[in-house]
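Okay, structure first, notes after.
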Amino acid sequence: LQHKVEHQQALNVVGQMAASIAHEIRNPLTSLKGFTELLKLNADEESRMYLSVIDSELQRMEQILSELLVLSKPTSMKVELLDLDNIVKQVIEFMLPDALMKNIMIQYISSTNQAAYIGGNENRLKQVFMNLIKNAMESMNNGGTITIEMNVIDCTMVELMIKDEGNGMDSSTLQNLFQPFYTTKSTGTGLGLAFVKKVIEEHEGLIGVNSELQKGTCFHLQFPIYTFNQMDAVDVSSKDSAYLV
Ligand code: ADP
Ligand code: MG
């Protein structure tokens, strides 16, 4: 038991360190982004090209920091009533250009004829869907189709499936994929799915995965649906009463 307690304490220290480093790096990063914008104003074509690379690398750094921050300590988040269908469509639109460059189609099937509202944080949920679609794209080196499907189950839960035709996962990857820093990629961080799991738990949702080597992978997510009543819509802070049981 003593050993276990010490291990937990060591993890907490690492978590606190990660959080404070991530936080400290954020400020200089913000100023780098600001000055990059300023440089763009008078840049010639060649410099603009370099600046846009700097831009996207800075964005990647910011991404990693925000995932580290969410993973390393309890964080607060603003919760709103969100139309899941709308959020998914926005994310697909954002990812589509990258997908098409890799010969990948993204197909979206929504079998619900009414909007499914869930209580959640828009930015974190978008990040979750982006991470899953990005992993799907990274598993499909020869192109193919990513299918995203939304279904309402019993009027109480909404299910989202993200299915790819990629290289799938072996059993040791399936056992470890949600562990922070677990990656099988040479340039991966291993933070993507750990972040996904944490955010889905924060949303009282569920996540599951099926995968077959050389065939593909399917992630299933479920979120509780909010009852949508015009009166409650204004105030979503009274979270418990808004659930349909
Ligand atoms: P990263 O993408 O940085 O490696 P993630 O946490 O996003 O980290 O994923 C962890 C690992 O899970 C990946 O390295 C990969 O081995 C596996 N994985 C995740 N999604 C898929 C997928 N759709 N198809 C195949 N393998 C996947
Ligand atoms: Mg990833």
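Data overview
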| item | result |
| --- | --- |
| Pairs where the first residue, in the range 182-194, is within 14 Å of residue 136 (Cβ to Cβ) and the second is within 6 Å of ligand 1 (Cβ to nearest atom) and assigned to a loop (DSSP other than H, G, I, E, B), C-beta under 7 Å, 6+ apart | 193/177 |
| Some residue of the range 131-140 being among the polar types (S, T, N, Q), over 21 Å from residue 223 (Cα atoms) and surrounded by fewer than 16 Cβ atoms within 10 Å (Cβ to Cβ) | no |
| Residues located in the range 73-106, provided they are assigned to a strand (DSSP E or B) and closer than 17 Å to residue 131 by Cα | 104, 105, 106 |
| Test: residue 168 is at positive phi and either buried (at least 18 other Cβ atoms within 10 Å of the Cβ) or at pLDDT 95 or above (or both) | yes |
| Residue tally, condition near ligand 1 (Cβ under 6 Å from one of its atoms), under 25 Å from residue 122 (Cα atoms) and out of contact with any helix residue (DSSP H, G or I) (no Cβ under 8 Å at 6 or more places or on another chain), over the range 166-219 | 2 |
| Cβ pairs under 6 Å, 6+ apart, first in the range 118-145 and on the phi < 0 side of the Ramachandran plot, second within 10 Å of ligand 2 (Cβ to nearest atom) and of a type outside the set (Lys, Arg) | 128/196; 131/192; 131/196 |
| Of residues in the range 120-159 being among the small types (Gly, Ala, Ser) and away from ligand 2 (no atom under 16 Å from the Cβ), the one farthest from residue 205 (Cα to Cα) | 143 |
| Any hit, the range 178-195, residues being more than 16 Å from ligand 2 (Cβ to nearest atom) and either at pLDDT 95 or above or closer than 21 Å to residue 85 by Cα (or both) | no |
| Residue within the range 23-44 that is touching a residue at least 40 places away in the same chain (Cβ under 8 Å), under 30 Å from residue 224 (Cα atoms), of a type in the set (A, V, I, L, M, F, W, C) and surrounded by 13 or more Cβ atoms within 10 Å (Cβ to Cβ) present | no |
| Of all residues in the range 165-200 being out of contact with any strand residue (DSSP E or B) (no Cβ under 9 Å at 6 or more places or on another chain) and among the small types (Gly, Ala, Ser), the one that is nearest to residue 146 (Cα to Cα) | 192 |
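The values are calculated or read from the model by the stated rules, or taken from the named source; none is laboratory data. From a predicted model like this one, the values you see are computed outputs, not experimental measurements. Neighbour counts are summed over all protein chains in view; Cβ atoms, including those assigned to glycine, are modelled from backbone coordinates with ideal geometry.
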